[in-house]
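One structure is given below, encoded as structure tokens.
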Amino acid sequence: MRKTRAYDRFANVDQSIFSTRDEEFNRMRRKQVGPAFNHVGLNSVEILITEICVYSFKKKLDELLSKSNGVAQFNYYKYFQNVTSDVIGELVFGKRFDSVQNDGHPIIDWVNSAMINFVLVRVDTTSIAMTWLLIFYMLYPQIYKNVVSEIRNNFPDKDYIITHQDAKNKLPYFIATVYESLRIRGSIGSALLRESPIGGVQLCGYFVPEGTDLGMSIAGSHNDTRIWETPESFNPNRFLGPDGEKLKKEVVAFSSGVRVCIGKNLAWMQISLIITNMLNNYELELPNDSNYGPNILDPNRNNEPLIPRDASFATRPPANPEIDCNIIFRKRV
């Protein structure tokens, strides 16, 4: 099924891979730009991405620690936005915005004030994914400890830079936590909208006439009890082993099929580089005044830890990131 007319509003000057409803145009543009986003293309620029996601980010955190007697607090939602905007600047314009070192850049405010602009999807979705992942680590301390142990047991040298390939090959539990975080709180807040084809379509026993707008709820799909056992629980183990490999295909946080997000591999590379190296170098904990934590339970989630409220629109960030996305950190001993 092709996309609905709702995507026309995303075409600012001309249609793009994201906004186009023309399948021929979609195939043509993906053939043109796809090589830059496949594994071979990204491997050729991984050194640039690593410079931003690891070295620049680490430099900034170490500067904060040097000014705070070895213990500091930072807002990770803001810093993840800064990192991802610098990556986009480097890859798209050949010049980073230096958002990490300068604590931001006006482009981030412009993006946040224009929620329907496609640029938002490029800059914000990866930072949102990392934000929710860190939130879940803090809500589930044993899972956080398991991830840290896996990383440090495989990479005991604190100075070693963990690559994206390292994470894929040696950190299955970490990868499982990313999938589980994307399942419970993906970065996209809207439904995946499609138009029923010529002649209509039979769907779940109902006939849908042609030209009808249909929407698949990502959240609904990720909480379908026919697929997911206890979907309200944050359980990375579901993605381990042969059955786990099958379940990974049920996570549609990046869409699926011919319309899958073309930046999916780039997002995975950034998440792997930033999170694994951060956990290998620093100890993290919630501030004492945090509004959420492992002991603050939600009866609506079967008494699982309360998840900070989200603001679901085009994307799905925490509703109050200035308050809910602060963390205490120190250097790993």
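Here are the numbers for this structure:
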| read-out | value |
| --- | --- |
| Enumeration of residues in the stretch 277-319 that are polar (S, T, N, Q) and at pLDDT 95 or above | N277, N280, N281, N288, S290, N291, N295, N303 |
| Top-ranked residue in the stretch 205-233 [being in a loop (DSSP other than H, G, I, E, B) and touching a residue at least 60 places away in the same chain (Cβ under 8 Å); ranked as surrounded by the most Cβ atoms within 10 Å (Cβ to Cβ)] | E232 |
| The stretch 112-136, subset polar (S, T, N, Q) and modelled with pLDDT under 95, residue nearest to the chain's Cα centre (by Cα) | T126 |
| Residue in the stretch 176-194 that is outside any helix (DSSP H, G or I), in contact with a helix residue (DSSP H, G or I) (Cβ under 9 Å, 6 or more places away or on another chain), closer than 24 Å to L42 by Cβ and not β-branched (V, I, T) present | yes |
| Unique residue being touching a residue at least 12 places away in the same chain (Cβ under 8 Å), surrounded by fewer than 16 Cβ atoms within 10 Å (Cβ to Cβ) and among the small types (G, A, S) when the list is S196, S181, S190 | S190 |
| Identity of the residue in the stretch 275-301, in contact (Cβ under 8 Å) with a residue 60 or more places away in the chain and among the charged types (D, E, K, R), that ends up farthest from V83 (Cα to Cα) | R301 |
| Residue in the stretch 276-288 that is over 30 Å from A72 (Cα atoms), among the aliphatic types (A, V, I, L, M) and touching a Gly at 6+ places or on another chain (Cβ under 6 Å) present | no |
| Set E210, E195, E245, E304: member being farther than 26 Å from V87 by Cβ, charged (D, E, K, R) and touching a Pro at 6+ places or on another chain (Cβ under 9 Å) | E210 |
| Extreme residue, farthest from A253 (Cα to Cα), among residues of the stretch 156-178 that are surrounded by 19 or more Cβ atoms within 10 Å (Cβ to Cβ) and hydrophobic (A, V, I, L, M, F, W, C) | I162 |
| Residue ranges of helices (runs of 4 or more DSSP H) in the stretch 236-333 with at least 3 members in contact with a helix residue (DSSP H, G or I) (Cβ under 7 Å, 6 or more places away or on another chain) and aromatic (F, W, Y) | none |
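Residues are listed down the side, and each one gets a yes or a no for (1) surrounded by 15 or more Cβ atoms within 10 Å (Cβ to Cβ); (2) more than 24 Å from V148 (Cα to Cα); (3) among the hydrophobic types (A, V, I, L, M, F, W, C):
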{"site": "M269", "(1), (2), (3)": "yes, no, yes"}
{"site": "M278", "(1), (2), (3)": "yes, no, yes"}
{"site": "P287", "(1), (2), (3)": "no, no, no"}
{"site": "D298", "(1), (2), (3)": "no, yes, no"}
{"site": "E304", "(1), (2), (3)": "yes, no, no"}
{"site": "P308", "(1), (2), (3)": "yes, no, no"}
{"site": "T315", "(1), (2), (3)": "yes, yes, no"}
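The values are calculated or read from the model by the stated rules, or taken from the named source; none is laboratory data. Model, not experiment: these values are computed from the prediction. No Cβ is skipped: glycine too gets one built from the backbone with ideal geometry, and neighbour counts run over all protein chains shown.
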